[in-house]
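First the structure, in the form of structure tokens, and then the observations on it.
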Amino acid sequence: MPVFNLVDDPWLHGESAVPSPTVAAGLDGRGYSLRELLLDSHRLAGVTVEIPTMFPALLRQVVLPVVVDALGHPKTTADWLGRFRQGEFTPAERERLDSYLDDWRARFDLFDPIAPFGQAGGLHTAKGETKGAALLVATAATGNNVPLFSSRTEGDTLALTPGEAARWLLHTQCWDTAGIKTGAMHDSQAKSGKTTGNPTGPLGQLGVVVPMGRTLYETVWLNIPIRPDGRADRDVPHWRRAPQDAEWKVRSADGVLDLWTWQSRRIRLFPEDTAEGIRVTRVIVAAGDRLRELPEVEPHTAWTLPAAGRANAASAPMARRPRRHQPGKATWRGLDALLAAQRPEAPATAHQDGFATSVLVAQMRGVLGRLPPAYPLRIDLTGVFYGNQSAVVDDIFHDATPLPLQALSRDSPVRAAILDAAEQAEQLARAVNILSADLRRAAGSEPIPWDRGQRPGELVLHGLDPLMRRMLTGLRAVDEDEALIRRGRLAWEQLAWRCTWQIADRVISTALPSAFGGRTVQQNGRDVAFHLGSAVTDFRRRMREILHRAAEARAAAQASNPVPASTEDSVHA
């Protein structure tokens, strides 16, 4: 049986924190073992992965639990801050990490015949069947899961190196599709060679939120929750539990370490010797443990608090549920929930959902004033969108946005500026959509349905996206300087005005000739006239109301240097 141990064999790829002229694209050019990755974490910006969803899987399944199990949770904000500020593991902490990895090294052997890492040793089916290794790879064609434009078919053999197999193994434990799984021998709940009702992997049910620092070391501590009471004795990672067999159960997580290393599938890798070395070409993926409920200790998601009116009078109130990311929606468009640093910031009402931010973003509020205001905090969001009863992967979501620390303060003018700008962007998109609808009515057509086709407001949001990210980055450096914040807000509005008018001008230029004369239609029992002139006039009014700072600056500039009304908007477009 081949030996590949994750503790000392290279299987991870680091991203250099200090770019070097000899290192292309910031990569260090070599593989890292788990031991090397942790001990060199202060020299690395992060981990290079095949797809974005792999990073939270590696972080949760190995990196965070090893650090917490070896060094313990920080119990106070001061404790957390001290570890974070030191910038790297101390000599004593490095020794403890080394000793921990030595003590549990045997359980990190990927191909151990009894207790292979993250697998069930001896797992087999009644007929000795296996499937291709593509079953582990979310981007590879297998069964009903055939990615668009994939160059590989299910019939093509996919040979994974031990490192690749390890990474995709952990990805599968976190993100696997739902539905029917192979029925393993000695699984008392398997029927006719299969198990049904399997949910997706635990991360597949979340909109994953991961705070990111300047180095991997800082990212690790940004993702470790402060626990004043420590942790329960039973809360240990899977490698400190009895080796897995085919039996699985429905149970609650014993704590955050159990949750991070949750074994949602029973998996077995089948290595073989090839001319290129050890390769994994066959696997078994069977049913694994199922979470009874998602515990509130889950740190990597924000939460929706269901409105009271959603429950029947005779039923219990609906439990909070994790917030999912929305396809095509940039992170900054959901900052109202992400910045809800006091949990719950927005309680549910009778008819409107409330929300609570993630544990990790909330605890960052406790260190405000103790870190440099310009600290380059970034929030990484990942998610998977499933289709066909969650049995196939339709799409992967990934977005990263800079986040000024001061935005976490409830009364901060930085926070107000960010939320105001995000709301203005949404209002500008609606204003352009209304302009488009009015022009279509003026020409005798119906407006574009909200759920069909692309409305021009989406182009506005797309155009404003880099401007919003530039604003977020710039607000990192202003601290609480209100003069600088006012200048930043005015600059945002002026650029947003120009961007929105560019889209609006395209909408107006494509209006049909019949829109000049207009039409009269019935709305709410009365006649309403629509024509090009009134549509453009109403749009200008909405622009002035939404971007009032830019409108005032333009009015002042025009008073000192008059511009003909006919060229007013084109000059500023």
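The values are calculated or read from the model by the stated rules, or taken from the named source; none is laboratory data. Small disclaimer: the values here were computed from a predicted structure and weren't measured. FYI the Cβ positions are ideal-geometry reconstructions off the backbone, even for glycines, and counts take in every protein chain you see.
R470 passes all but one of (1) in a helix (DSSP H, G or I); (2) of a type in the set (D, E, K, R); (3) in contact with a helix residue (DSSP H, G or I) (Cβ under 8 Å, 6 or more places away or on another chain); which number fails?
(3)
Does G82 count as within 22 Å of P299 (Cα to Cα) and either part of a helix (DSSP H, G or I) or not assigned by TED's automatic domain parsing to the domain that holds E164 (or both)?
In short, yes.
Kindly list the number of the only condition in (1) closer than 24 Å to E482 by Cα; (2) at pLDDT below 85 that fails for N312.
Of everything listed in (1) closer than 24 Å to E482 by Cα; (2) at pLDDT below 85, N312 misses just condition (1).
A374 is checked against (1) part of a strand (DSSP E or B); (2) surrounded by fewer than 21 Cβ atoms within 10 Å (Cβ to Cβ) and fails just one. What number does that condition carry?
Tallying (1) part of a strand (DSSP E or B); (2) surrounded by fewer than 21 Cβ atoms within 10 Å (Cβ to Cβ), A374 fails exactly one: (1).
Here's a check for you: in the stretch 110-154, which residue that is under 24 Å from I396 (Cα atoms), more than 28 Å from the chain's Cα centre (by Cα) and modelled with pLDDT under 90 is surrounded by the fewest Cβ atoms within 10 Å (Cβ to Cβ)?
Restricting to residues being under 24 Å from I396 (Cα atoms), more than 28 Å from the chain's Cα centre (by Cα) and modelled with pLDDT under 90, the top hit is T153.
For every residue, the table says whether it meets (1) modelled with pLDDT under 95; (2) among the basic types (K, R); (3) surrounded by 15 or more Cβ atoms within 10 Å (Cβ to Cβ).
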position	(1), (2), (3)
G14	yes, no, yes
A17	yes, no, yes
S20	yes, no, no
G26	yes, no, yes
G29	yes, no, no
S33	no, no, yes
L39	no, no, yes
P56	no, no, yes
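Inspect the stretch 485-496 for any residue being touching a strand residue (DSSP E or B) at 6+ places or on another chain (Cβ under 8 Å) and of a type in the set (A, V, I, L, M, F, W, C) and give the result as yes or no.
no
From Q389, Q352, Q363, which residue is at negative phi, outside the structural domain of G201 (by TED's automatic domain parsing), modelled with pLDDT of 85 or more and not hydrophobic (A, V, I, L, M, F, W, C)?
Selected residue: Q363, the only one of Q389, Q352, Q363 that is at negative phi, outside the structural domain of G201 (by TED's automatic domain parsing), modelled with pLDDT of 85 or more and not hydrophobic (A, V, I, L, M, F, W, C).
Please go through the stretch 184-227 and pick out each residue that is of a type in the set (G, A, S) and more than 16 Å from the chain's Cα centre (by Cα).
A184, S188, A190, S192, G193, G197
Out of (1) buried (at least 18 other Cβ atoms within 10 Å of the Cβ); (2) more than 20 Å from the chain's Cα centre (by Cα); (3) in a helix (DSSP H, G or I), the odd one out for S99 is which?
Every condition holds for S99 apart from (1).
In this structure, does R410 turn out to be farther than 30 Å from L136 by Cβ, assigned to a loop (DSSP other than H, G, I, E, B) and either basic (K, R) or modelled with pLDDT of 90 or more (or both)?
So R410 passes the test.
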